[in-house]
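Notes to accompany the following structure.
Read the figures in this text as sums done on the coordinates, not as results from a lab. All values reported here derive from a predicted model rather than from experimental measurement. All Cβ positions, even for glycine, are placed from backbone atoms using ideal geometry, and neighbour counts span all protein chains on display.
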Amino acid sequence: MKAPRLELHMRVNGRAVALEIEPRELLIDVLRNRLGLTGTKKSCDVEVCGACTVLVDGKTVSSCTYLAFECEGRDVQTIEGLADGETLHPIQQAFVDHQGLQCGFCTPGMIMATKALLDENPDPSVPEIKAYMRGNICRCTGYHAIVTSIQHAARETARS
Amino acid sequence: MKPAAFGYLTPRTREEAIEVLSRYAGDAKVLAGGQSLVPLLNFRLTSFRYLVDINRIPDLDYIRSEQGYLAIGALARHRSVEQSAEAARECPLLPEALQFVGHPVIRQRGTVCGSIAHADPSAELPALLTALGGSVVLEGSSGRRVADAEEYFLGYLMTAQQPDELLVEARFPKLPNGSGFAFEELARRHGDFAIVGVACAALPDGSVRLGVCGANSVPFRPLKAETAAAQGDLQEAGRLAAADSDPDSDLHATAEYRRAMVSKLVERAVRHALERKEGNARG
């Protein structure tokens with residue numbers, strides 16, 4: 001069946017975006033294929049791995065299981081929207097400084113989830129970090145360094 | 001593109017939603033949080049002509065303390081309920097069970113009512129609603145009705161909800177002061193659907209309520225096990241609950257293993273609930 005196309009209006013990393021989409025298009029495909037924002041990674045397609053995590057109105061969503069039109073009128077933030085020009089966001093810098101990434105595939109999702117965590121709870125304990133990050137999987141299994149990076153990111157964010 | 005094509009409808013009122021649901025009866029699907037629905041779409045395990053996105057309908061996002069029960073509106077997210085003071089006070093077994101539902105990102109988006117309407121027999125919330133004797137409120141073209149959990153869940157992903165009906169509210173009975181409660185679950189990884197899960201409430205009048213998921217085509221209350229648990233015979237309660245189970249074998253566990261786990265988890269949940277009840281009585 002041919003479904004009528006939809007006019008989608010949203011803000012992506014602060015920029016207003018308007019495009020015509022099919023109702024069945026997923027947010028991740030619009031970000032990656034239509035807007036060229038390939039920082040957001042596609043992996044499990046069923047919201048269990050966390051690689052595609054982005055923020056919609058400041059809250060984490062798995063963009064692989066979020067229909068693009070659910071974003072109508074909303075504000076989307078992706079990994080590309082964090083750095084200020086050449087200056088990395090404190091969370092990104094903390095991941096670099098404390099080896100919070102190995103192959104890097106899970107990192108954009110890890111960092112966006114960290115952003116939401118710290119916005120909600122600026123000083124999380126280690127158990128709180130682990131509980132919040134449960135939906136983000138690192139197949140290099142570098143969890144220890146990721147938790148350390150998040151702790152440092154919390155300190156840096158509190159300072160700035 | 002992963003999902004099969006569909007038309008996207010965005011009703012602004014309940015009446016409008018019910019109107020399109022009845023117009024396209026059986027060929028329209030409701031989207032709230034989408035955390036069960038969109039994975040099914042991605043796998044093309046489901047398809048339909050119209051998606052009815054209810055997220056723009058006002059007055060469905062609430063958690064309210066009512067006479068005897070906690071009312072959860074169709075758009076209340078798991079995470080809001082998990083963090084709600086009303087839920088912690090009136091039905092603490094609910095936030096406890098929610099810890100086992102997916103992970104925080106899923107809970108941020110997924111809804112309590114959506115999880116109930118999806119009726120996966122291994123999901124936590126339907127078992128909890130069944131254990132407590134809760135109900136759901138359905139609105140359709142022929143009006144509004146309340147369905148008890150036990151009449152609502154009919155089978156694997158099947159409920160008594162009619163195609164033109166919208167689940168607008170779930171009602172979780174309040175736990176009286178001095179109750180003990182516990183939720184126990186076995187899953188491959190934290191946040192996965194349960195292989196087996198057990199909800200237990202030990203009430204001040206001495207009765208015990210149980211709800212089991214993952215061991216039947218619907219969540220169920222093992223009534224004989226409840227009686228044994230109330231008499232303090234935990235092992236017997238486990239044995240009776242296992243005897244009342246009728247699980248299938250699948251990739252994750254054999255039927256025999258599931259039955260053995262029902263027995264263990266019932267025992268553990270009852271013990272934990274009774275200990276907490278005693279703690280509450282002393283405290």
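Points worth noting:
- Once you reduce the range B:211-264 and the range A:55-109 to the center of their Cα atoms, the two points are 43 Å from each other.
- Over the range B:182-263, the hull volume per residue, using the convex hull of the C-alpha atoms, is 81 Å³.
- Estimated FRET transfer efficiency (B:E278, A:E20; beta-carbon r; R0 51 Å; 0.05): 0.20
- Per the Debye calculation on the protein assembly as shown with a single equal scatterer at every Cα and no solvent contribution, log₁₀ I(q)/I(0) for q = 0.05, 0.10 Å⁻¹ amounts to -0.18, -0.75.
- Of B:G33, B:G206, B:G134, the one that fluctuates the most in a GNM where chain B has Cα springs shorter than 10 Å: B:G206
- Residue-wise HN-Hα couplings along the range A:24-40, as the Karplus relation 6.51 cos²θ - 1.76 cosθ + 1.60 with θ = phi - 60° gives them from phi, are 7, 5, 8, 4, 4, 6, 5, 4, 7, 8, 9, 9, x, 8, 8, x, 6 Hz; Gly and Pro carry x.
- Using θ = phi - 60° in the Karplus curve 6.51 cos²θ - 1.76 cosθ + 1.60, the 3J(HN,Hα) couplings for the range B:107-119 round to 5, 5, 9, x, 10, 4, 5, x, 5, 5, 5, 5, 6 Hz; x is entered for Gly and Pro.
- Peptide B:98-107, shielding by other chains (average Cβ, 10 Å cutoff): 6
- Within the listed set B:L60, B:L265, B:L45, the residue fluctuating most in the Gaussian network model of chain B (springs between alpha-carbon atoms under 10 angstrom) is B:L45.
- Counting only DSSP H runs of at least 4 residues, each contributing -39500 (n - 2.57), and dividing by the residue count of the protein assembly as shown, the helix-based mean residue ellipticity at 222 nm comes to -10000 deg cm²/dmol.
- Sorting B:189-196, A:140-147 by their mean Cβ neighbour count within 10 Å, with the most densely packed peptide first, gives B:189-196, A:140-147.
- Euclidean distance between Cα centres, the range B:161-176 to the range B:106-138, Å: 9 Å
- Entries in A:K41/A:K130; A:K41/B:K2; A:K115/B:K29; A:K115/B:K2 that, when Cα-Cα distance is taken, lie over 23 Å: A:K115/B:K29; A:K115/B:K2
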